[in-house]
Each structure stands twice: as C-alpha cells, then as structure tokens.
1. State all residues of region 1-23 that are among the aliphatic types (A, V, I, L, M) and under 29 Å from S135 (Cα atoms); if no residue qualifies, say none.
2. Might you check whether a residue that is on the phi > 0 side of the Ramachandran plot, surrounded by fewer than 18 Cβ atoms within 10 Å (Cβ to Cβ) and either modelled with pLDDT under 95 or not in a helix (DSSP H, G or I) (or both) occurs anywhere in region 67-89?
3. In region 292-321, what count of residues is obtained for those that are at pLDDT below 60 and surrounded by 16 or more Cβ atoms within 10 Å (Cβ to Cβ)?
4. Do you know which of the residues in region 1-42 that are of a type in the set (A, V, I, L, M) and exposed (fewer than 15 other Cβ atoms within 10 Å of the Cβ) is nearest to E249 (Cα to Cα)?
5. Cβ contacts < 9 Å: first residue of a type in the set (G, A, S), restricted to region 251-263; second residue surrounded by fewer than 16 Cβ atoms within 10 Å (Cβ to Cβ), any location; separation 6+ or different chain. Result?
6. Do the conditions hold for L14, that is, is it part of a loop (DSSP other than H, G, I, E, B) and at pLDDT 95 or above?
Amino acid sequence: MTEGTTYVLGWDGLDYELCNEYGLADEFVPYHTRADTFANGVLGKPGTYELWPSIITGKKPDEHGVRLIDEDEGGAGAENPVVNVAAGAMHRYLPTRTRLRIGIALRNRGLSLNQKSPDWYRRKGVRTVFDGRDSRVISLPNYRTEADEGLDLLAGWGRKMSRYLDIHADEDTGRVVYRPKKSLEAVEDWLVSEVGRKTAIVRARTDADHGIAFVWFAYIDTVGHTTPAVDDTDWQRDAYEHAVEVTQEIRAATDDEDTVIVASDHGNRDGEHTFDAFFGATDESALEGVESVLDYREGIERVTEDGDEPATETPYEVEVKPAD
C-alpha cells in the first residue's frame with residue numbers, strides 16, 4: 001500500500017493480445033496481465049455499461065444490480081423511461097435481431113443510456129472501491145457524478161456518437177457495424193479531444209490529495225469498433241500508440257509514492273468485444289491474484305491507502321430526461 005494517489009486509467013476496450021502484438025504492453029505500465037471478463041446474458045458478449053460497475057464493486061451484475069440488457073425484463077437502461085418500458089415489451093415479443101436493429105436505430109438518433117449515481121449504489125447497499133476514500137471519478141460509466149454532470153463529460157455521449165458514427169446491424173450476419181459519418185480525421189479529432197479534456201482534468205488533480213483518481217476513456221473501444229469499416233490499416237495501432245503517450249504523460253506527472261493502474265473491461269479485435277481484458281500497474285503488488293475484471297477492486301485497494309471520508313461525492317439524483 002502506498003501513501004500517494006492511485007490513478008486508474010480505464011481504457012475501455014484495451015485488448016491485451018493486441019497490446020502484445022503491437023509490442024506496447026510494457027509501454028503502458030511495467031507490470032501487466034491478461035484478465036478474463038464475462039458476457040451479458042442477452043448479448044452474448046461483454047457489455048461496457050455493466051462491466052465497469054462490476055470492476056468498481058468486485059461483483060457481477062446480478063449482485064450489484066446494473067445491467068445493460070436484463071435477461072428477465074429486457075431493460076435497455078435508456079434515459080427515457082418510456083423507452084425502457086418499450087424495451088421490456090420488445091424483449092418479450094420480438095426476435096433478437098429485430099430488437100438489435102431497433103436499439104441501434106435509437107442510438108443513431110442520439111438516445112443516451114441512463115447512468116447510476118454514487119447515491120444509487122449507497123441506497124442499494126452496494127459498496128464500491130471509492131467508499132471511504134477521497135476520490136475523483138471522471139466520466140466512469142454508471143458512476144455519474146455531479147462534477148461530470150456540470151462538465152457534460154458523460155451526459156450526451158449518445159448524441160455525440162450519432163453525429164460522428166452510423167451504427168447498424170448487418171442484415172446477413174446480425175453483426176453490429178460502426179461506420180464514420182464524417183472523415184476519419186474528423187472522427188479522430190472528436191475522439192482525441194475527448195481524451196484531451198479528461199487528461200487535463202487528471203493532470204490538474206496530480207497536486208491534490210486524493211486516494212483514487214479514476215478516469216474512463218472511450219477512445220480505444222470506439223476506434224476498435226470502427227476498424228473494419230475504415231481503409232486505414234494503421235487506424236487501431238495508431239490509437240494504441242496515442243493511448244500509450246497519454247498514459248506516459250500522466251505517469252510522468254505523478255510522484256514516486258503514487259501508483260498508476262491501467263485497466264480495461266474487455267478487449268476489441270476486428271470490431272468485436274473480446275474476453276482479453278488488460279490489467280497492469282506501476283506497482284507489481286496490484287496484480288496479485290488478478291485473474292478477471294472482478295479482481296480489479298481488490299488489486300486497486302491493495303495499493304491504495306484507506307481513507308476516512310464518509311462518501312466519495314455529495315449524494316444527488318441524476319435527472320432522467322428524454323433524448324434530444
């Protein structure tokens with residue numbers, strides 16, 4: 001355990017096998033391992049919006065209660081409650097492929113997913129890695145803070161995606177395809193600017209006395225999804241190299257007593273989520289016993305000083321609004 005801050009860089013979709021193929025695993029952090037993940041029961045593949053709650057709680061969705069799509073009720077987790085009711089009926093009466101196409105059409109129109117607040121976990125009696133610690137959490141899926149709300153970091157992500165990407169299901173295979181609506185340069189500018197905004201916040205907190213600073217980046221996963229639809233064969237590798245640069249920049253800004261952890265919820269190869277998640281750190285002890293994403297919390301806590309803060313953020317309720 002260190003007395004400094006633990007910086008967790010959540011690179012969504014960072015694939016451990018691709019990191020090694022590109023020769024970049026050691027460039028992120030000196031100690032790293034492949035971590036297994038799990039699939040959503042309906043989608044049959046890992047789902048981002050239920051995996052990050054599993055990472056911060058160390059529990060599966062049936063324990064922490066956050067699901068992207070529920071096997072029994074078919075909930076879509078959308079911000080619009082009317083959509084959630086419709087999704088339940090859609091799950092009961094429509095074939096999987098039809099449900100998928102309808103869901104994608106809604107996302108292309110800017111539908112955003114509902115995001116759980118810190119107070120939601122407290123009311124449920126589910127503890128997270130942030131409880132009892134002074135923490136700064138930046139745009140983590142399903143841990144939506146008042147600070148994120150004010151900065152519009154996670155709210156409106158569906159609208160942003162709909163401006164830059166067209167998402168549809170292939171009629172023959174049912175595979176979800178991401179195609180840029182704008183030039184590849186414009187898509188890259190959007191994604192890199194999102195990374196830059198969050199990186200600046202992390203850098204600004206390196207002088208603060210936090211137990212944990214946890215930031216989530218959608219960059220790698222979004223590039224991974226678009227890779228099959230673009231002509232640039234270096235598109236995904238370039239994204240990994242940029243992620244390394246950002247990680248090294250943050251590492252250089254930290255002190256010797258700080259720990260930097262790099263974590264992903266799943267991998268992404270050929271546009272599809274894989275089970276090859278990445279977990280690594282500048283402190284080797286963080287990796288002890290880490291075999292799956294459910295072990296991340298224990299690894300983080302092993303290198304993080306216990307705090308005496310009663311709560312991570314001021315409790316508040318996220319207002320539920322229909323998509324624009």
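The values are calculated or read from the model by the stated rules, or taken from the named source; none is laboratory data. Model, not experiment: these values are computed from the prediction. No Cβ is skipped: glycine too gets one built from the backbone with ideal geometry, and neighbour counts run over all protein chains shown.
1. Hits for region 1-23 are M1, V8, L9, L14.
2. Looking through region 67-89, none of the residues is on the phi > 0 side of the Ramachandran plot, surrounded by fewer than 18 Cβ atoms within 10 Å (Cβ to Cβ) and either modelled with pLDDT under 95 or not in a helix (DSSP H, G or I) (or both).
3. The number of residues fulfilling the criteria is 3.
4. For region 1-42, the residue satisfying everything is M1.
5. A253/R203
6. Against the criterion (part of a loop (DSSP other than H, G, I, E, B) and at pLDDT 95 or above), L14 qualifies.
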